[in-house]
């Protein structure tokens, strides 16, 4: 191979590695917004799913707003098996918390949200979460 061809190939490889390393985003490691209307009578609502990137690492939720004067209970659930982590109770406007879990990397997970007290109306919940 000619020297100029080797230099060009090496430069292209280095550029591809740099772009690949800085341009990669993993679905479970960045906050994804949610805006859910929860059903009446403490029936659960769900967010869209994310793919877990790191086994056993706690997820995280930031609750922006919860409608009226309600609180929300949150748990991280594996989508396929509907196995859930320990529920975190009583989150209100601007609360955030970690969501301990034992889910493996590659698992599809999502949040289950439930109004914390008896509700006879729909309740809007907004925020962001990541599965890690």
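The values are calculated or read from the model by the stated rules, or taken from the named source; none is laboratory data. Everything numeric here is computed off the predicted structure, so don't read it as measured data. Positions of Cβ are backbone-derived with ideal geometry, glycine not excepted, and every protein chain shown enters the neighbour counts.
Just a few scattered comments:
- Subset of region 35-49 (residues that are surrounded by fewer than 18 Cβ atoms within 10 Å (Cβ to Cβ) and in a loop (DSSP other than H, G, I, E, B)): 39, 40, 41, 42, 43, 44, 48
- Residue selected from region 50-76 under the condition closer than 11 Å to residue 110 by Cα and touching a helix residue (DSSP H, G or I) at 6+ places or on another chain (Cβ under 9 Å), by the criterion surrounded by the fewest Cβ atoms within 10 Å (Cβ to Cβ): 51
- Residue satisfying all of: in region 90-102; under 13 Å from the mean Cα position of the chain (by Cα) and in a loop (DSSP other than H, G, I, E, B); surrounded by the most Cβ atoms within 10 Å (Cβ to Cβ) among these: 101
- Residue within region 124-132 that is at pLDDT below 95, out of contact with any helix residue (DSSP H, G or I) (no Cβ under 8 Å at 6 or more places or on another chain) and surrounded by fewer than 21 Cβ atoms within 10 Å (Cβ to Cβ) present: no
- Qualifying residues in region 77-89 (those that are assigned to a strand (DSSP E or B) and exposed (fewer than 15 other Cβ atoms within 10 Å of the Cβ)) - the one modelled with the lowest pLDDT: 83
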